[in-house]
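Novice: Pasting in a structure now, in structure tokens, and then I'll have a few things to ask.
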Amino acid sequence: MLKTFRILSMVEGLSLIALLFIAMPAKYQYGIDLVKFVGPVHGILWLAYLPLLDMTNRQQKWPSSMLSIAFITSVLPFGCFYLEKKIRAQSLVPNESA
């Protein structure tokens, strides 16, 4: 569950970055409306993120501070990178060696 959450967190975070820094400037500076595609994709990803966050929180038994961080970083540009770092720093993910 944690691995799935981490992947979705990154994808959702990257979709927010694409929306804010690619689609919106393209729409308002160049008249290319990418927002009508990127916006709904980002919305669906965020709506999938919320229940997965809840399920992961229950499974991992995160402290409430970690749950708050995971929620807040989901609405901040580049927050997904901070969340990934925080998960690794708290040893909430096993050391991955492939």
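Novice: For the chain, compute the number of Lys pairs whose alpha carbons are separated by less than 19 Å, excluding pairs fewer than 8 positions apart on the same chain. Don't skip to the end; give the middle numbers.
Specialist: Working: K3/K61; K3/K85; K3/K86; K27/K36; K61/K85; K61/K86.
Eligible lysine pairs with Cα atoms under 19 Å apart amount to 6.
Novice: Work out from phi, with θ = phi - 60° and the Karplus expression 6.51 cos²θ - 1.76 cosθ + 1.60, the ³J(HN,Hα) of each residue of the range 69-75, listed in order in whole Hz, and give x for Gly and Pro.
Specialist: Karplus-based 3J(HN,Hα) across the range 69-75 equals 4, 4, 6, 4, 5, 6, 10 Hz.
Novice: Please order T73, T4 by the number of other Cβ within 10 Å, starting at the fewest.
Specialist: Working: T73 19, T4 11.
Fewest-to-most Cβ neighbours within 10 Å comes out as T4, T73.
Novice: Taking only the C-alpha atoms, wrap a convex hull around the range 2-89 and report its volume per residue in Å³ as a whole number.
Specialist: Working: hull volume 6.5 nm³, N = 88.
Measuring per residue, one finds 74 Å³ for the Cα hull of the range 2-89.
Novice: State to the nearest 20 debye the size of the charge dipole of the range 2-89 about its Cα centre, where the only charges are +1 on K and R beta carbons and -1 on D and E beta carbons.
Specialist: Values: 9 positive and 4 negative charges, 62 e Å.
For this selection, approximately 300 debye.
Novice: Between 0 and 90 degrees, rounded to the nearest ten: what's the tilt of helix 35-60 against the longest Cα principal axis of the chain?
Specialist: The two axes meet at around 10 degrees.
Novice: Same structure, new question: Using Cα atoms only, what is the angle between the long axis of helix 79-89 and the major principal axis of the chain, expressed in degrees (0 to 90) to the nearest 10?
Specialist: Approximately 20 degrees, to the nearest 10.
Novice: Can you list, bin by bin at 10 Å, the percent of alpha carbon pairs in the range 1-40, starting at 0?
Specialist: 32, 38, 21, 8, 0
Novice: Here's something else I'd like to know. For the range 2-89, calculate the relative contact order in percent as a whole number, restricting contacts to Cα pairs under 8 Å that are 6 or more residues apart. Intermediate results must be reported in sequence, preceding the final value.
Specialist: On the way: 67 pairs, mean separation 33.0, N = 88.
Relative contact order for the range 2-89 comes out at 37 percent.
Novice: Sticking with this structure for a sec: Between L34 and residues 5 or more places away or on another chain, which pairs have amide H atoms under 5 Å apart, with H built 1.01 Å from N, and which residues are they?
Specialist: Correct list: K27.
Each reported figure results from applying straightforward, stated rules to the coordinates on display, with no laboratory input. Here the structure is a predicted model, which means the values were calculated and not measured. Because the Cβ atoms are built from the backbone with ideal geometry, glycine has one as well, and the counts that use them run over all protein chains shown.
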